[in-house]
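J.: Shown below is the structure under consideration.
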Amino acid sequence: MSSDINERVEENIDEPAPQRAAGLWRDAIRDLRKRPTVIISLLVIIAVLAIGFFPSLFTGTNPKACDISLNKAPAAPGHPFGFSHEGCDYYAQTIYGAGPSIQLSLMVVVGTLIIGGLLGILAGFYGGWLDVVFSRAVDVFNSIPFLLGAILLLTMFRDLSIPFLSTRLQAIIPAVITLIIFGWTSTMRLVRASVIEARNLDYVQAARSLGASNRRLMFRHILPNAIAPVVSLIPLSIAGMISVEATLSFLGLGVRKPEITWGLMIDDATKWFVNGYPMLLLIPSAFLIATVLAFVLLGDALRDALDPKLR
Amino acid sequence: MSIDLDRSDDNAVAGLPGYRDDAALLEVDDLRVEFHTRDGIARAVNGVDLRLTDGQTVAVVGESGSGKSVTAQAIMGILEEPPARVAGGEIRYRGVNLLTLSADQRRRIRANHIAMVFQDALSALNPVWTVGFQLSELFRTHRGMSRKDAKRRSIELLDMVRIPAAAQRVNEYPHQFSGGMRQRVMIAMALALDPKVLIADEPTTALDVTVQAQIMRLLAEIQQERHMGMILITHDLGVVADVADDITVMYAGRAVEQAGVIDTFATPAHPYTKALLRSIPRLDVKGQQLEVIAGLPPTLTDIPPGCAFAPRCTYAQDICRTDTPTLRTVSDGRAAACHFAKEVMTDV
Amino acid sequence: MGRYVIRRLLQAVLTLFFVLFLLHYLLSLAIQVNGNPARTFFGDKPVTAEQLAAVEAKFGTDDPCLDTIGDPCLGMFGKRMGDWLTLDFGTTFHGYSVTEQIAQAVPPTLILFAISTAVWVLIGITAGVLAAMKRGRFFDYLVRTGTTFTVAVPTFLLLVITQQLVGVSLGNWARSTFGRDSFLGIIFQPSYDHDHPFLSLLVPGILLGAFGIAGITRLSRTSMLENLRADFVRTAKAKGLRPRRVTVVHTLRNSLIPVITLIGFAMADALGGTVITEGIYSIPGMGGLAFSATRDNDLTMVIAIVAILSVSFMLVTLIIDLLYAVLDPRIRYE
């Protein structure tokens, strides 16, 4: 008799959690579908991702086939963006420049999500000593300003080469690791806060009182709700990382040569900006801004759509 | 507690157009308030009449969305306009139509003559200022008192609402008080300038039952002492039975029944009132299902033609769906907005 | 309140200890992995063991723990902490005292930060608050677009373009039209002018303010919007208080509390941003030092600057936390 009731109650308690989360997502997607900024941003993002992962689809020219005699030459048939100051095809460079930044940013965001997310769930759920230790760790890492820490670490290990990795990975892994090391804290805090909030919700208490295991509670009940604020931050984080990567490349610390990124192109192009060759700076800048802007607009829209308070 | 606060000339109502010493304390005539929302125009208040005399307690009863709070806020003049808009009617305080006054004139009438007590004192009080500061503000703004004098009056006020150790507690913050104490602070704030009209918007809803009783008793005492008129907004019929003289029942922005409390409770003249009374759980009736009123109140942007209550009414007939009943006198001192009021009254 | 302060102070001290240890550990690790920097001092020249040992001693890199990767080098840590407490940050590879160089570099950075803080508060908060009060109108739209713009355009790009357009082009025009020492001529400079420290830092200071202003403006706006609809604001109106008092004493006062914490975050962004800003504008501040130190791979200098800036940041965060408790009584009684 009582087990029947328990089952029914269990069912009903399981119901609200996914439904509640699903409702929020469904509403959010419906909301977002209608907005033109979202659609345009998505298109830009897809385009940039395509360029980043499949550059050969967009140009047949080798960006590293440079002819110094063509330095800063203007646009010509087959070379719509002209030539860089070293005589490389600028269009090819721009196309190939997308890849490292995109891949780096995606890897960093995934990395911070996993590490920050895991630590956040554990700290938020178990509380106690675990929470104290992890939160102190967050404090320590947060005390070193993000960019400063990245500059420090990258300078220190600038000449380090990691064996067995492809040139592309060699070029971006140091920056990826550095940015994850100094970037995991914000995700951790966010997840921890969401988990703590979700932990105290009625339906979680109910599931717990019915004997749901901790792991089940964490992943089946708390996570779906706690994850919403984090998801809305993903595009914004990607935007941020692309920006940071460009900044680091500009400082000579980011993606390493011989890989190309827009940041490096901008660095090279700076001195020519007012000296007769503004396009060298403007072209990679435009691409950079367009990419970051698309992610930012998407991220903002996503955050507004998922914020239950604004509904 | 001394009642003879001197009102500075600025806050006097006597000079305002329409003022008559012998006019009713507060009269609301055919008040209409609209809200302009994304989904259309919500008619929150649809022609409400109200009358309040000195020393009288009028209870305004209704579900959420019936328009009772909006009416109160319209009387106070604190509606957000936009999106709200007073679309018609008059609100007369001793004969002066408040809706024709300037914003500044209305501001000076607030708290001085007409004051309001809100529901949840924790959110209704500013968490970052002390209770004393928030009380003193009233005296310093409306009476031009010095900080020291204002503080002294504030302590007296806290005493009056029976908060112990008033002299110390005046320096404390709202979150340091218990729920009941906080509500007393709100009452003290409302009564600080000795208003003639007190509007209490669900003053006890957020409190436990025992505390509720204390607060209501306090309000009743003070009202008697000062011969104030009180509008008590509530959905708790038990409280109404205890303290109110007259009752106005609101539904979908309209007053559907108005009468003395005793008459109304004994023989309601409107199906909604009747259903409300029937849905109160009774201690002497066991083992039966609780009565509910089927259906939901209409969305205010989409009020159906005819009587708004018709879809949920057991007395409804065809005429109810086409002909909107107006508030009509059904017997001595009683009014109801129903085509079949007489039947409702005589039905047991 | 007292307990809160003490607790916060203890936390800060503990965190400080760990931060310094972390920095020390990273530095040791770098030396362990990259090889002893004393060797690079000699370039390609042949070197005897005694010469090497002497240079190592001079740079303080002669501890054997540096030969094992991962060794936390606690002895060195103690010594380094001792040195740092007496403000001895070692010597750069070129033989200069790090402490002296940093001391000289502090004033321009301070000026830069003063300007950017002014930007955050005067422009950021004001814009956010006004946008909230004029919600839905053109100004609100303008402000929101503006914040999106500062987030979408990487600041280094903004700096570079501004430096070229404003510093060089506009500046040249101003100098040729109004003279070298004219007001406009001084402001529109592509680099630091130590005859006019404040004025020539005005433009880069404002741009440095772009690091983090978006967050401040947005939070001010959101916070204000929330509080405009708050119950206690309704009560304040019901009390018949004058509109301006309601806005300032009640709405604004409550809205600004969370913004204070965000100034801390903005500062974090700006501390990193100062390296870029000063690097691009050749400002001889701490960021500029760090900028050239990273180019030269001068770890001693970089670590010293990062340590000092981190400690300053922690101090600022501590002050902000305490300020927060002063402003919001609910925090004090936790």
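Computed from the coordinates by the stated procedures, all read-outs in this text should not be read as laboratory data. Quantities reported herein were computed from a predicted structural model and do not represent experimental measurements. All Cβ positions, even for glycine, are placed from backbone atoms using ideal geometry, and neighbour counts span all protein chains on display.
J.: Which residues' amide hydrogens lie under 5 Å from the amide hydrogen of B:Ala87, considering only partners 5 or more residues apart or on another chain, with H built in the peptide plane?
T.: Here the answer is B:Arg32, B:Val33, B:Glu34, since their amide H atoms fall under 5 Å of that of B:Ala87.
J.: Turning to a different aspect of this structure: Suppose we keep just the alpha-carbon trace of segment A:163-311; what are its Rg and Dmax in angstrom?
T.: In Å, with Rg to one decimal and Dmax whole: 21.1, 74.
J.: Work out the FRET efficiency for C:Arg242 and A:Leu210 from their Cβ-Cβ distance, taking R0 = 45 Å, and round it to the nearest 0.05. Intermediate results must be reported in sequence, preceding the final value.
T.: Working: r = 56 Å, r/R0 = 1.25.
According to the calculation, E is roughly 0.20.
J.: Another question, if that's okay. Which shape class applies to chain C: rounded if a/c is under 1.5, otherwise prolate when a/b exceeds b/c and oblate if not, where a ≥ b ≥ c are the square roots of the Cα gyration tensor eigenvalues? Could you put the intermediate results ahead of the total?
T.: Values: a/c = 3.00, a/b = 1.50, b/c = 2.00.
Cα axes put chain C in the oblate bin.
J.: Looking at A:Ser84, B:Ala166, C:Tyr25, which one has the Cα that reaches farthest to the positive end of the dipole of the protein assembly as shown (charges on Cβ: Lys, Arg +1; Asp, Glu -1)?
T.: Result: B:Ala166, furthest along the dipole toward the positive end.
J.: Size of the dipole of segment B:118-174 about the Cα centre, Lys and Arg at +1 and Asp and Glu at -1 on the beta carbon, nothing else charged, in debye to 20?
T.: Values: 9 positive and 6 negative charges, 58 e Å.
Dipole size: approximately 280 debye.
J.: Turning to a different aspect of this structure: Sort B:183-192, B:228-237 by the packing proxy (mean of other Cβ within 10 Å over each peptide's residues), most packed first.
T.: B:183-192, B:228-237
J.: Now for a different question. Which shape class, rounded, prolate or oblate, goes with segment B:52-124 when its Cα gyration tensor gives a ≥ b ≥ c as root eigenvalues, a/c under 1.5 marks rounded, and past that a/b bigger than b/c marks prolate? Can you show the working numbers first?
T.: Numbers: a/c = 1.32, a/b = 1.17, b/c = 1.13.
Rounded shape, in that the Cα axes give a/c under 1.5.
J.: Here is a follow-up. Setting aside same-chain residues fewer than 8 positions from A:Lys72, which lysines have a Cα under 25 Å from its Cα?
T.: Counting by Cα, and skipping residues close in sequence, A:Lys72 has these lysines nearby: A:Lys64, A:Lys257, A:Lys271.
J.: What value, in deg cm²/dmol to 500, does the helix sum -39500 (n - 2.57) over DSSP H runs of n ≥ 4 give at 222 nm once divided by the residues of chain C?
T.: Details: 18 runs with 236 residues, N = 334.
Rounded to the nearest 500, the figure is -22500 deg cm²/dmol.
J.: Is it possible to state the helix-based mean residue ellipticity at 222 nm for chain B, with each DSSP H run of 4+ residues giving -39500 (n - 2.57), the sum divided by total residues, to the nearest 500 deg cm²/dmol? What is it? It would help to have the intermediate numbers written out before the result.
T.: Working: 13 runs with 113 residues, N = 348.
Result for chain B: -9000 deg cm²/dmol, rounded to the nearest 500.
J.: In addition: Taking the alpha carbon gyration tensor of the protein assembly as shown, what are the square roots of 5 times its eigenvalues, largest first, to the nearest whole Å?
T.: Semi-axis lengths for the protein assembly as shown are 66, 32, 30 Å.
J.: What's the magnitude of the charge dipole for segment A:87-192 around its Cα centre, counting Lys and Arg as +1 and Asp and Glu as -1 at the beta-carbon? Answer in Debye, nearest 20.
T.: Details: 5 positive and 4 negative charges, 29 e Å.
For segment A:87-192, the charge dipole is close to 140 debye.
J.: Can I ask one more? Which peptide among A:275-286, B:68-79 comes first, and what is the full order, when sorted by highest mean count of other Cβ atoms within 10 Å? Please list the in-between numbers first.
T.: On the way: A:275-286: 18.7, B:68-79: 23.4.
Answer by packing, highest mean first, reads B:68-79, A:275-286.
J.: Below 8 Å, C-alpha to C-alpha, sequence gap of six or more: please give me the relative contact order for chain C in percent. Spell out each step's value before the answer.
T.: Working: 352 pairs, mean separation 71.6, N = 334.
Over chain C, the number comes to 21 percent.
J.: Give me the lysines in straight-line cross-link reach of A:Lys34: C-alpha distance below 28 Å, same-chain residues under 8 apart excluded.
T.: A:Lys309, C:Lys134
J.: Along the charge dipole of the protein assembly as shown, pointing to its positive end and built from +1/-1 on Cβ of Lys, Arg, Asp and Glu, which listed residue (B:Gly179, C:Ala127, C:Ser312) has its Cα farthest out?
T.: C:Ala127
J.: Ok, one more. With a/c under 1.5 counting as rounded, go ahead and sort segment C:176-334 into rounded, prolate or oblate using the C-alpha gyration tensor (a ≥ b ≥ c being the square roots of the eigenvalues; past the cut-off, prolate if a/b is larger than b/c, else oblate).
T.: Working: a/c = 3.63, a/b = 1.72, b/c = 2.11.
Judged from the Cα gyration tensor, segment C:176-334 comes out oblate (a/c at least 1.5, b/c at or above a/b).
J.: What lysines could a cross-link reach from C:Lys239, if we take a straight Cα to Cα line under 17 Å and drop same-chain neighbours fewer than 8 places away?
T.: B:Lys151, B:Lys196
J.: Can you list the residues, at least 5 places off or on another chain, whose amide H is less than 5 Å from the amide H of B:Val256, using H built in the peptide plane?
T.: HN-HN under 5 Å from B:Val256: B:Val249, B:Met250, B:Tyr251.
J.: Taking the Cα centre of the protein assembly as shown as origin and charging only Cβ (+1 Lys, Arg; -1 Asp, Glu), how large is the dipole, in debye to the nearest 20? Intermediate values should be presented prior to the final figure.
T.: Values: 90 positive and 90 negative charges, 178 e Å.
For this selection, approximately 860 debye.
J.: Here's something else I'd like to know. Which whole-number percent is the relative contact order of chain B (Cα, under 8 Å, 6+ apart)? Write out the running numbers ahead of the final one.
T.: On the way: 643 pairs, mean separation 70.7, N = 348.
Across chain B, relative contact order equals 20 percent.
J.: Quick check: the angle from helix B:147-160's long axis to the longest principal axis of chain B, C-alpha only, nearest 10 degrees?
T.: 50
J.: Below 8 Å between Cα atoms, with a sequence gap of 6+, how large is the relative contact order for segment C:192-334 in percent?
T.: Numbers: 105 pairs, mean separation 33.6, N = 143.
Dividing the mean separation by the residue count of segment C:192-334 yields 23 percent.
J.: For segment A:165-212 and segment B:66-93, compute the distance between their C-alpha centroids and round to whole Å.
T.: 49
J.: Further question on the same structure: Quote the convex hull volume per residue of segment C:213-268, based on C-alpha atoms, as a whole number of Å³.
T.: Values: hull volume 3.4 nm³, N = 56.
With only Cα atoms used, segment C:213-268 gives 62 Å³ per residue.
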